[in-house]
Amino acid sequence: LHAGLKAINMSHIPSGFYMSGVTVRKKIGRGIIFGGLHGVIQDSSFENLTMSGIVFHFSSYWSEGAPSADVAIRNNQFLRTNWSTKFYQAGTGMGTYPHHNAAIALASEAVTNYNKVPDNFIAIYPAFQDIEISGNTIQGLSGADIYMAGVYNRPASGGTEGISKNRFTGCGSVKQTDPLRAYFGSASDSAVVLNFVDGISLVGNETTAHPVCAARVDYSSSRNVSISNR
């Protein structure tokens, strides 16, 4: 990869990719948005971004992105990510998705026209498989640090270990603005938000600094979630 590289309307999903030592900073928008197979992103830095550092995205609504599988995000720094005030926080009630602006976000969208009302919804399941997020330092200033939707991880003997040994140094609260879609936001300061996931383990993660990252567990949409944290 090199500065200024850009790919438009790619007709294939990249497979077997490796990124290391990349620095993305002082950027309006996201750091990286992609879909791919069998890859590693490690030892990189994402600093002062208005939105997410890394986004896995698969959307029929926007006609972009692709499913991802067997991807590891290891030993990276995410500092002052998703720091700008979003319009969903301004009380517009438009049902926009605040979790897309987590420091690391995995989200899919599909378009529907139910009752002739266009809309899009999240969590095609499973759009993402065998995802590992480990050893990262993560600071999200508006919303969660990690958001996962539509993720399936195989048992540890055949797949990845899930979310492990990360250090969360800041979690911003997200104000609920739409009573019809209250679950799209959260009044809590959540380090990790899981939605429609299967087989995700959280082991050895830490939360430090102010504000303290709290969490709310909701198993109504997920299963096989294992949590063992400090």
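Only the coordinates and a few stated rules stand behind these numbers; no lab work does. Here the structure is a predicted model, which is why all the values come from computation and not from measurement. Virtual Cβ from ideal backbone geometry, glycine too; neighbours counted across all protein chains shown.
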Item to check | Local electrostatic count at Gly39 - Lys and Arg +1, Asp and Glu -1, tallied over other residues with Cβ under 15 Å | outcome: -3
Checklist entry - With a sphere of radius 13 Å drawn around the Cβ of Phe56, what net charge do the other residues whose Cβ falls strictly inside it have (Lys, Arg +1; Asp, Glu -1)? => result -4
Checklist entry - If packing is taken as the mean number of other Cβ atoms within 10 Å per residue, what is the order of 190-202, 19-31, 140-152, 64-76, highest first? => result 140-152, 190-202, 64-76, 19-31
Checklist entry - Calculated FRET efficiency, Ser220 and Ile33, Cβ-Cβ r, R0 35 Å, to nearest 0.05? => result 0.75
Next on the checklist: Going by average Cβ density within 10 Å per residue, which order do the peptides 48-56, 32-40 take, highest to lowest?
Outcome noted: 48-56, 32-40
Next on the checklist: For the pair Ile13/Arg154, report the inter-label distance in nm, with labels modelled 7 Å from Cα in the Cβ direction.
Outcome noted: 1.5
